[in-house]
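Visitor: Before I ask anything, here is the structure I am working with.
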Amino acid sequence: MPNENQPIIYFFAKSNFGDKQPDFIKIGRTRTDLLTRQAVLQTGNESPIWDIGVIPFDTEEEARREEKRIHLHFGAFRVHGEWFCATPRLLKFIKSYAVQHTDLFAEQDATDTKDTSDTEDKVVISYGEQLAKKRDDVKMTQEDLAAKVGYTRGHIALIEQNRGQPGKSLHRKLVELFGEFLEPSTEPRSKNILAVEMEDGSWISKDRAIDTFIEVIKKIGIEKVKNLGKYEAKLPLIADYEDPNKAQKSVETETGMTYYIFSGLAITRMKRILDDITDHLNLKIKVFINQAKKK
């Protein structure tokens, strides 16, 4: 997975009607955690925002230059700032050149998804593994391959690490170079599920992972977890105050106290935090990802 310092151009979509048909696209550049970036944008925005692709680069200068070029190219469709109308031309560009169905929001290792039963996850893994094997078979480095197809080494590495599938343009070039691959899926990936079995045998599994995460912390005891002194993104996991620059969820305890739980977390990070809390408090809680809740 690219580390947090890898320069990336991201494409976020926004719908004004609460569906998955984008009305506007944000074209931005970052080196920070994308999940946090999305969460900050979503804060105070009633319209849903989601990622539809990224373009990774090896250097900040490459990313800055390409971002400027893309902004100029689609300048006629600019609404304000980095937001553009989701025209067919812009959507076609993203599908052709960006990494699709990216897992960059997940802080998991590539191997974390290998055992999942989700069909779409297996498709992504299969493509990355195929590319790495085909490249290794001809003793070609990622740098060599990037030069041949006209993309960056970071772009090739992202796909081989199973963080997403190539856009149509890169896929065609790879087929020309190596022969047929498993076709990239055009269907959206199914969402991950966070499910937690508590000590009393009850299960907590909400539609949204962050809601499950918060509900588990509430059941354990917010003050008890707060006293562990955990930090995320240089902010207390459970803070006494609201930070306008961070993604947080306000939670009120039974005693009337209000705390703010950091919510800019990937689902795998939530699992690790809950596992760590379980160890520190000597609890018998089991945390699962992509597991159906027991009946």
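The values are calculated or read from the model by the stated rules, or taken from the named source; none is laboratory data. Just so you know, these numbers come straight off a predicted model, no measurement behind them. Positions of Cβ are backbone-derived with ideal geometry, glycine not excepted, and every protein chain shown enters the neighbour counts.
Visitor: Hey, can you tell me all the residues within the range 36-72 that are part of a strand (DSSP E or B) and either more than 20 Å from Gly167 (Cα to Cα) or modelled with pLDDT of 95 or more (or both)?
Guide: Once the filter is applied, which keeps residues that are part of a strand (DSSP E or B) and either more than 20 Å from Gly167 (Cα to Cα) or modelled with pLDDT of 95 or more (or both), the range 36-72 yields only Ile49.
Visitor: Restricting the search to the range 227-259, which residues are basic (Lys, Arg) and part of a loop (DSSP other than H, G, I, E, B)?
Guide: Once the filter is applied, which keeps residues that are basic (Lys, Arg) and part of a loop (DSSP other than H, G, I, E, B), the range 227-259 yields Lys230, Lys234, Lys246.
Visitor: Of all the residues that make up the range 160-189, how many are within 13 Å of Leu131 (Cβ to Cβ) and either hydroxyl-bearing (Ser, Thr, Tyr) or at pLDDT 85 or above (or both)?
Guide: Final tally of qualifying residues: 9.
Visitor: Restricting the search to the range 55-66, which residues are surrounded by fewer than 20 Cβ atoms within 10 Å (Cβ to Cβ) and not hydroxyl-bearing (Ser, Thr, Tyr)?
Guide: Answer for the range 55-66, where residues must be surrounded by fewer than 20 Cβ atoms within 10 Å (Cβ to Cβ) and not hydroxyl-bearing (Ser, Thr, Tyr): Asp58, Glu60, Glu61, Glu62, Arg64, Arg65, Glu66.
Visitor: Residues being of a type in the set (Ser, Thr, Tyr) and closer than 17 Å to Thr253 by Cα: count how many of those fall in the range 199-223.
Guide: 1
Visitor: Determine whether the range 25-35 contains at least one residue that is at pLDDT below 90, out of contact with any strand residue (DSSP E or B) (no Cβ under 9 Å at 6 or more places or on another chain), surrounded by 17 or more Cβ atoms within 10 Å (Cβ to Cβ) and not aliphatic (A, V, I, L, M).
Guide: Taking every residue of the range 25-35 in turn, at least one turns out to be at pLDDT below 90, out of contact with any strand residue (DSSP E or B) (no Cβ under 9 Å at 6 or more places or on another chain), surrounded by 17 or more Cβ atoms within 10 Å (Cβ to Cβ) and not aliphatic (A, V, I, L, M).
Visitor: Any residue in the range 73-88 that is loosely packed, with under 15 Cβ neighbours inside 10 Å, over 24 Å from Gln38 (Cα atoms), in contact with a helix residue (DSSP H, G or I) (Cβ under 7 Å, 6 or more places away or on another chain) and at pLDDT 90 or above?
Guide: no
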